[in-house]
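What follows is a single structure, written as structure tokens, with notes after it.
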């Protein structure tokens with residue numbers, strides 16, 4: 001465990017999972033509906049059956065439920081409904097990534113903790129996850145409501161040391177791959193991306209992304225990609241100010257999703273977006289990949305860029321990642337940065 005600086009160490013505590021716990025969890029998950037004998041687990045961990053039982057009891061305290069049958073062994077009956085780093089690790093490996101996962105039940109901001117971990121020389125890439133942020137932040141300095149353990153708050157850290165232009169499309173690719181990954185979990189809900197970094201469904205926001213980078217004169221030294229994702233929370237219980245504007249995957253899906261599997265899929269999607277971005281040879285055209293996922297396509301929108309307001313019909317993005325707006329006169333404007341809202 002890498003500690004945060006002393007002022008925070010008494011406030012935020014990392015919760016870890018041991019290798020013994022992971023070995024047990026992996027064996028039971030690999031067995032599916034089958035049973036795993038206590039003697040087999042004992043052989044794998046070089047410990048007695050009573051010791052295995054003790055390990056299982058500790059996992060029960062963390063929300064796991066097991067079925068035990070004499071002469072057959074143990075079966076995993078239920079996973080915890082909250083984040084568990086060993087589960088993210090397991091499902092992450094299934095999704096094609098073996099990224100180190102750090103978990104804090106409560107943290108100020110996963111992006112802030114990611115920066116602190118970097119300052120303590122933790123090797124990247126790694127991810128920071130939490131069940132609650134006390135100072136969650138979004139784009140343009142906005143707050144992000146982050147109080148529900150039913151949701152996912154995570155940041156992923158890379159240290160590319162490459163010219164900035166090689167990562168200029170990273171956030172856009174991350175949105176595309178995350179949206180696709182989540183769509184596979186909720187196939188009947190039309191998930192979309194609101195340029196440049198929000199995820200929407202039926203006009204309501206369920207996720208926000210924030211990318212923060214530290215740069216030297218000619219290269220990006222580190223990049224922290226954060227996402228707040230409403231997974232299993234009930235929008236009826238959101239603060240009144242955002243209740244009509246926000247939604248969750250639970251609300252659009254009609255049932256809860258396994259939180260740790262969602263986390264693993266999101267981390268794998270971010271990892272894939274990063275590798276596509278630094279490879280300089282994406283297998284897809286950015287504008288074409290974005291088009292079917294755009295929440296703004298064909299909509300009348302207003303963009304505020306450098307204090308100037310431009311209104312028009314959203315007409316996709318170009319391959320630089322700029323939002324294209326066509327005005328009433330037919331002029332096509334490229335919006336490279338700024339705030340975009342639907343025109344009422």
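Brief remarks on what is shown
- Residue 61 being under 28 Å from residue 177 (Cα atoms) and at pLDDT below 95: no
- Selected residue (criterion: nearest to the chain's Cα centre (by Cα)) from residues of segment 209-219 that are in a strand (DSSP E or B) and surrounded by fewer than 22 Cβ atoms within 10 Å (Cβ to Cβ): 211
- Among (1) modelled with pLDDT under 95; (2) over 20 Å from residue 132 (Cβ atoms); (3) not in a loop (DSSP other than H, G, I, E, B), the one test that residue 92 misses: (1)
- Scan of segment 179-197 for residues that are closer than 24 Å to residue 339 by Cβ and free of Cβ contacts under 8 Å to residues at least 40 places away in the same chain, ordered by number: 190
- Residue count for segment 252-264 satisfying the condition of being farther than 24 Å from residue 64 by Cα and either touching a strand residue (DSSP E or B) at 6+ places or on another chain (Cβ under 6 Å) or surrounded by 20 or more Cβ atoms within 10 Å (Cβ to Cβ) (or both): 1.
- Qualifying residue in segment 171-178 (condition: assigned by TED's automatic domain parsing to the domain that holds residue 269, in contact with a helix residue (DSSP H, G or I) (Cβ under 8 Å, 6 or more places away or on another chain), surrounded by fewer than 18 Cβ atoms within 10 Å (Cβ to Cβ) and touching a residue at least 12 places away in the same chain (Cβ under 8 Å)): no
- Within segment 24-69, tally of residues that are assigned to a helix (DSSP H, G or I) and either touching a strand residue (DSSP E or B) at 6+ places or on another chain (Cβ under 9 Å) or free of Cβ contacts under 8 Å to residues at least 12 places away in the same chain (or both): 24
- Residue in segment 180-198 that is within 18 Å of residue 114 (Cβ to Cβ) and modelled with pLDDT of 95 or more present: no
- From the list 189, 241, the one residue that fits, being surrounded by fewer than 23 Cβ atoms within 10 Å (Cβ to Cβ), assigned to a loop (DSSP other than H, G, I, E, B) and in contact with a helix residue (DSSP H, G or I) (Cβ under 6 Å, 6 or more places away or on another chain), is 189.
The values are calculated or read from the model by the stated rules, or taken from the named source; none is laboratory data. Note that the coordinates shown come from a computational prediction; the quantities given were computed from them, not determined experimentally. Cβ coordinates were reconstructed from backbone atoms using ideal geometry, including for glycine residues, and neighbour counts include every protein chain displayed.
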